[in-house]
Every structure is written in structure tokens, then in C-alpha cells.
Amino acid sequence: MEYSLKSFYRTPARSIIYIILLALTATSLCTSIAMWRYSVESIKQVKDTFTTIGVLSELEFMEQSYVKSDPPLYDYSMLAEVKNKAMESEYAVAADIREYVMGYNENIYADVKQGSEVETYPYCWSIVTGICESIEFQNSLNYKAVLRIDYSDLNILPGYINRFEDPQLIDILGTYITEDNKSPFKVGEKYMVYVMCNSYYIHDGYINARIDRLVDDYYKYEEIVKYDSTTMKEEFGEFGENKVFYKLNNPSLYMVQKIDTTAYDFIENEKGLWADRVERCKITQHSAELILTNRINSIYMFNTNEAYIVEGRNITDEEYTNGANVCVVSSSFATNNKLRIGDKLTLKVYENDYKIMSSTLKRTDAEAGVWRSLEGKDKLDVWLSKGFDPDKGFFTEVEYEIVGAYAIENRADRNEFTFTNNAVFVPQKSIEGDFNTEPTVHTIKRYTDKLVYTDLLRTSIPGSFSIIIKNGYIEAFEEEMEEAGYGGMFYYFDQGYSKVSKILDEYSDISMLIALISILVWVTVVAVFIATYTSRSRQDIAIMRSLGTSRSKTFISILMTIVLIALTAAIICSIAGTAAYNRITGMALADLAKDSNAVKNLAIISDRSRGTVIISAVISFITTVLSFAIVVFMQVRKNVIFLMKKAKRQ
């Protein structure tokens with residue numbers, strides 16, 4: 001050992017040069033091997049991390065409710081065939097056919113913001129009791145009535161109204177007069193109203209509400225009443241002779257009830273229609289929409305990162321397979337209902353019917369995304385839950401653990417591809433049964449010589465179907481659909497896989513090339529180093545042997561010098577190689593993070609591959625020492641005179 005240290009310090013410049021050369025080539029070798037491993041494992045991980053989907057805009061297969069709607073792009077009868085063909089594709093991994101139910105808990109409020117009927121339905125349905133302060137009939141078909149709310153009696157208002165401090169007035173827009181051609185409201189009388197409370201105008205101090213014409217199939221029960229000034233002027237005021245009113249020939253559709261006692265007493269005695277309405281409002285306003293899925297990332301908004309997990313975690317594949325009682329809620333829903341990750345959420349589950357409502361398309365809805373093909377249309381149909389049906393009741397109760405919370409970016413109006421903050425995502429197998437099996441009646445309106453209503457049956461819910469495609473096979477899948485006559489019907493999204501995989505392929509090719517070059521350079525440098533150092537050590541071996549030093553001691557003394565040089569180089573290599581690796585992968589992950597929500601998984605691979613730098617440094621150290629040991633061992637075994645002659649010639 002003493003000889004080794006003396007030999008190391010006797011020629012410091014030469015020793016430092018050896019260390020630098022070995023350290024540089026080893027750093028290049030170790031870093032490139034680690035990067036190559038990272039790129040290979042990243043590509044493998046990408047196949048499981050990213051979800052490529054194809055979705056259909058089912059509205060492109062449907063006539064729209066709006067009178068002036070254009071014809072659909074495709075015939076509705078093709079829809080089931082297209083889905084079946086997609087599921088049969090060799091490039092399809094699975095199909096996520098989502099189901100929709102609702103869950104009630106008396107301790108939660110539906111997380112819905114005030115707005116239009118489309119934005120608040122069905123949570124807007126309310127029971128309001130109050131005294132009529134005014135009613136005004138208009139030249140149009142509608143009237144406006146203002147009630148002062150009686151808070152000593154029954155009132156069931158949505159959470160987005162309740163958060164204000166006891167609104168005093170409700171402004172009701174209505175349509176129908178009574179069966180006996182009378183005004184539905186009279187000033188000074190007390191009424192109980194089944195009404196849609198959409199918003200609260202805090203500056204004006206009243207609730208904006210609507211009754212009547214959004215009742216299902218109202219047109220089937222309407223009767224036109226022509227204005228007659230001799231019999232109707234006193235009741236309704238003065239209008240032109242062309243003025244008409246509407247009334248209903250089905251008493252159960254009226255939403256206004258005059259009461260002489262309290263609403264509680266009336267309902268207790270009636271025990272019928274109004275009792276059902278009260279129960280419907282109570283249950284619906286304390287309900288969440290349960291979306292039963294087999295993979296959240298197959299849902300359009302999650303796949304495009306317009307919705308994303310902000311706290312906790314996603315549902316795992318194992319939990320989907322086992323039907324675990326776990327759920328993901330919106331962060332807004334959790335905050336408003338004082339829920340946290342890990343809390344239990346018990347829900348009484350019920351199946352709901354659907355109401356199809358025509359929605360005005362905002363500019364933000366038509367700019368980008370899957371509905372870009374619908375650009376130029378001003379109205380689209382939206383499928384909205386009707387809420388609780390007392391006749392159907394509940395069918396099960398489930399306790400879920402909240403494992404994650406999501407947020408939604410750039411929320412537009414409700415349409416077939418969006419969901420509200422009131423949506424709760426659960427594994428499909430967590431609730432047994434088949435849901436949404438009953439067809440929905442879709443009523444469309446068209447003008448010929450008069451307004452014609454047509455009822456159509458719809459057998460699926462728009463936005464409920466996604467086909468999961470093998471990553472990288474979108475073009476092949478689309479070609480298969482084109483051959484079957486269904487080309488151009490699917491919209492494709494891959495969570496940025498196409499860009500990420502291209503970047504990773506480039507990293508893989510480059511890192512493999514660099515690794516091969518680094519191996520060749522390192523082998524060359526080590527070979528030159530061994531040859532040079534062995535040549536210079538012959539004289540030392542000869543001297544030590546001639547002085548009587550044994551072969552083993554001579555071998556160890558010479559070898560320890562190399563161990564010191566190689567070990568120093570390996571330590572430098574480990575430090576410098578790790579730093580270089582961190583910098584390169586950090587830049588790569590920063591690039592990927594702009595377009596992908598799977599960077600966390602790639603970061604795990606990066607951490608795992610970082611150890612390759614140290615392992616490679618150790619292997620290079622051992623290889624260098626062993627190679628030199630073999631050469632020195634052969635030198636030590638040779639005759640001393642032979643070594644002296646060789647050293648003299650050099």
C-alpha cells in the first residue's frame with residue numbers, strides 16, 4: 001500500500017491525467033446508459049399511462065328539438081352499428097359505456113351555480129309559499145307574478161339561493177290561466193308554488209323563477225282561449241281582440257295552489273300530488289349525479305385535461321375491476337359540503353329519467369374541442385336528469401370513500417361532453433344492476449303549414465360512450481372504420497401520447513447512439529490507459545522482483561495504484577453523471593409537462609433510472625481494475641531479466 005501511494009504521488013501530473021480521462025469517459029458512459037434505460041422504460045410506461053379514446057358526438061345522429069335545426073349528419077339507426085363495429089376492432093382495448101344514476105344524502109347540497117334552466121335543472125325545482133303582491137299579464141303568452149315569501153311556512157329552495165340571507169320576493173314568469181279561465185294569482189291571496197328558481201338578483205332583491213311551459217308534454221294538454229273583452233277585461237285587463245291565452249285540460253300539471261291554511265296542513269290533508277312534489281324537491285336538492293365508469297381517463301374532459309385530479313388520487317385499475325366503494329368528487333363539491341379526502345359519503349341511490357332541453361350555444365362552446373363540427377349552430381339539445389321520482393324510490397344504499405378531488409377548467413354550458421361540479425365518479429361495478437335501459441322520448445318541433453310535434457325514441461345517452469384504442473393506432477382504427485363505411489364519425493384524443501411518444505422515441509434513438517459511442521470511447525481509453533500504465537510499470541515490477549519481493553506482494557502493490565486511480569475516477573463519474581442525468585431528464589420532463597398529465601409516472605421512472613449511473617460507475621470501476629489485474633498478473637509471472645530487457649528497450 002505504501003508503494004502504491006508513493007507511486008501515485010511520484011508522478012502526480014500523470015496520475016491526474018489518467019483520472020480525468022477515465023472520469024470523463026466513464027461519466028459519458030454511465031449517463032448515456034442511464035438515459036437509454038430511462039427512454040426504454042418510459043416508452044413502456046407510456047403504453048399503460050396514456051389513454052387514447054375515440055368518441056362519437058351522438059347529436060350528429062339526432063334531430064334537434066329546436067324548430068330551425070338542420071338535419072343530422074348521420075341517420076340515428078346507424079348509431080348502434082357504429083358502436084358495435086368500434087368494439088369489434090382489433091385496435092380497440094375496451095369500451096367504456098357509462099351509466100348514470102343519482103345519490104341522495106340529507107347532509108349534502110347539490111353543487112350547482114345559479115343561471116339558466118339548463119345550468120340549474122333539476123336542482124332548481126322548489127316549493128315556495130307566499131302572498132301575491134302583484135300580477136301583470138303581457139301582450140305575449142306570459143304573465144309575471146310577484147310573491148312575498150312566507151318564511152313561517154313551507155319553503156324548499158336550492159342551495160345556490162339559500163346561501164343568500166332570506167330573499168323576500170320571488171318574480172315568477174308563467175303562462176297558463178286556470179281551467180275556468182281565471183287568473184292563476186290574485187293579489188293578497190296566499191299560494192304554494194311548484195317553481196323553478198334559477199337565480200337570485202341580489203341588487204333587486206328577488207328570485208328569478210319560472211313555471212309552466214317546461215312541463216313534459218305540455219303541448220298535448222293545451223287549449224287556446226281567445227280574449228273576450230266583455231267577459232275577461234275585468235280579470236286580465238284590456239287587450240286587443242287578437243290576444244289569446246293558454247290553459248291546460250290536465251289539472252295535475254298546474255303548478256300553483258291557492259291555500260287558506262298552511263302549506264304543511266294542506267299537504268298533510270292532500271297526501272297526493274303536492275306531497276310527491278315536496279319529496280321530489282327535498283331529495284333532488286340534496287343529491288349528486290353518480291357517473292358509473294370503467295376508466296375516468298376515457299371521459300372526454302378528463303382525457304383532454306379540462307378536468308383533472310387536484311387532490312388525492314385517481315381510481316385504480318384494481319378498484320375498477322373489484323368494484324371498490326371509492327369515488328372522486330369535485331373539489332368545489334367537497335368544499336361546499338365540508339368533505340375531505342378519506343371521508344365516507346353515504347348515498348341512497350335512485351335511477352332517474354331524462355329531460356331533453358334545447359340550449360343556446362355560447363361562443364366558447366363552438367370554438368374548439370369535440371363539438372367543433374357543430375360550429376355555426378345556435379342551439380343544441382342537452383340531456384338533463386329529472387331528479388328523484390317518488391314512484392320509483394331508492395333501490396340501494398352505498399357508502400363510498402372519497403379518494404380524489406377534481407377541478408374543471410374553462411367550464412362551458414352543459415352539453416353531451418361536459419359535466420357539472422355535482423358529478424361524482426365511481427367504479428361501474430360498485431353498484432349492481434343495469435341502468436339507463438329505458439328509451440327516452442325526444443320531442444322535436446317542425447313547421448309545415450303549422451307547428452308539428454314528433455316524438456322519437458332515443459336508446460342511449462349522448463356522451464356516455466368512449467372506445468379505448470391502443471396507443472399509437474388512431475390512424476389504423478380510423479382506416480378500419482372507413483372500410484366499414486363509418487369514416488369521420490369518431491373524434492380522437494390521446495392525452496398528448498402522439499407528441500410524448502415521438503419525443504421519447506427521439507430520446508431513445510439518440511441515447512442508444514450516444515451509449516454505443518460512449519462504450520467504444522470508454523473501451524478505447526481504458527485499453528490505452530492499461531497499455532500505457534503496464535508499459536511504465538514493467539521496470540517497477542522487475543526492480544521489486546529482483547529485490548526479493550514475492551509475486552503476490554508485487555502484484556498487489558502495482559494493482560493498488562490502479563485501484564486508487566480508478567476509484568477516484570468512479571467517484572467523480574458518479575457525482576458528475578448524476579448531475580448530468582438530472583439536468584437532461586429535468587429538461588425532458590419540463591417539455592413533456594406542457595402537453596401531458598402523466599409526467600408523474602415518467603418522473604418515477606426517472607428516479608428509478610438514476611441509480612443506473614451509480615451501477616454503471618461501479619461496473620466500469622470493476623472492469624478497469626480486473627482488466628489491469630489480468631495484465632499485471634501476466635507481467636509478474638514473467639522472468640525478471642526478460643522484464644528488465646523490455647523496460648530497457650522502452
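The values are calculated or read from the model by the stated rules, or taken from the named source; none is laboratory data. Note that this is a predicted model, so its numbers are computed, not measured. Cβ atoms come from the backbone with ideal geometry, glycine included; neighbour counts cover every protein chain shown. When the accessible area is computed, the model is the full protein with side chains, heavy atoms only, and any ligands, DNA or RNA have been set aside. Shrake-Rupley method; radii C 1.70, N 1.55, O 1.52, S 1.80 Å.
What are the residues in the range 469-490 that are outside any helix (DSSP H, G or I) and in contact with a Gly (Cβ under 7 Å, 6 or more places away or on another chain), if any? Within the range 469-490, 469, 490 meet the criteria. Considering (1) open to solvent by 40 Å² or more (accessible area, probe 1.4 Å); (2) in contact with a helix residue (DSSP H, G or I) (Cβ under 7 Å, 6 or more places away or on another chain), the lone condition that residue 303 does not fulfil carries the number (1). With respect to residue 246, determine if the residue is hydroxyl-bearing (Ser, Thr, Tyr) and open to solvent by less than 30 Å² (accessible area, probe 1.4 Å). Considered against the rule, which asks whether it is hydroxyl-bearing (Ser, Thr, Tyr) and open to solvent by less than 30 Å² (accessible area, probe 1.4 Å), residue 246 comes out as no.
For the range 473-498, the set of residues classified as surrounded by fewer than 19 Cβ atoms within 10 Å (Cβ to Cβ) and under 24 Å from residue 296 (Cβ atoms) consists of 473, 491, 492, 498, listed by residue number. Pairing each residue of the range 390-404 that is farther than 14 Å from residue 426 by Cβ and free of Cβ contacts under 8 Å to residues at least 60 places away in the same chain with any residue that is of a type in the set (Val, Ile, Thr) and surrounded by 15 or more Cβ atoms within 10 Å (Cβ to Cβ), provided the two are 6+ apart or on different chains, yields C-beta distances under 8 Å for 395/349.
Among the residues of the range 51-105, those identified as small (Gly, Ala, Ser) and farther than 15 Å from residue 300 by Cα are 65, 69, 77, 80, 86, 89, 92, 94, 103. Out of everything in the range 47-79 that is touching a Pro at 6+ places or on another chain (Cβ under 8 Å) and not polar (S, T, N, Q), what residue ends up being most open to solvent (accessible area, probe 1.4 Å)? Looking at the filtered set, the residue picked out is 63.
Table: residues versus (1) under 21 Å from the mean Cα position of the chain (by Cα); (2) not charged (D, E, K, R).
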site: 284; (1), (2): no, yes
site: 300; (1), (2): yes, yes
site: 306; (1), (2): yes, no
site: 316; (1), (2): yes, yes
site: 327; (1), (2): yes, yes
site: 332; (1), (2): yes, yes
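Set side by side, the residues 90, 133 differ, and just one is more than 26 Å from residue 358 (Cβ to Cβ), acidic (Asp, Glu) and assigned to a strand (DSSP E or B), which is 133. Within the range 124-145, one or more residues are surrounded by fewer than 18 Cβ atoms within 10 Å (Cβ to Cβ) and either in contact with a Ser or Thr (Cβ under 6 Å, 6 or more places away or on another chain) or of a type in the set (Phe, Trp, Tyr) (or both). Does the range 401-410 contain at least one residue that is over 22 Å from the mean Cα position of the chain (by Cα), at pLDDT 90 or above and either within 21 Å of residue 302 (Cα to Cα) or open to solvent by less than 30 Å² (accessible area, probe 1.4 Å) (or both)? No, the conditions are met nowhere in the range 401-410.
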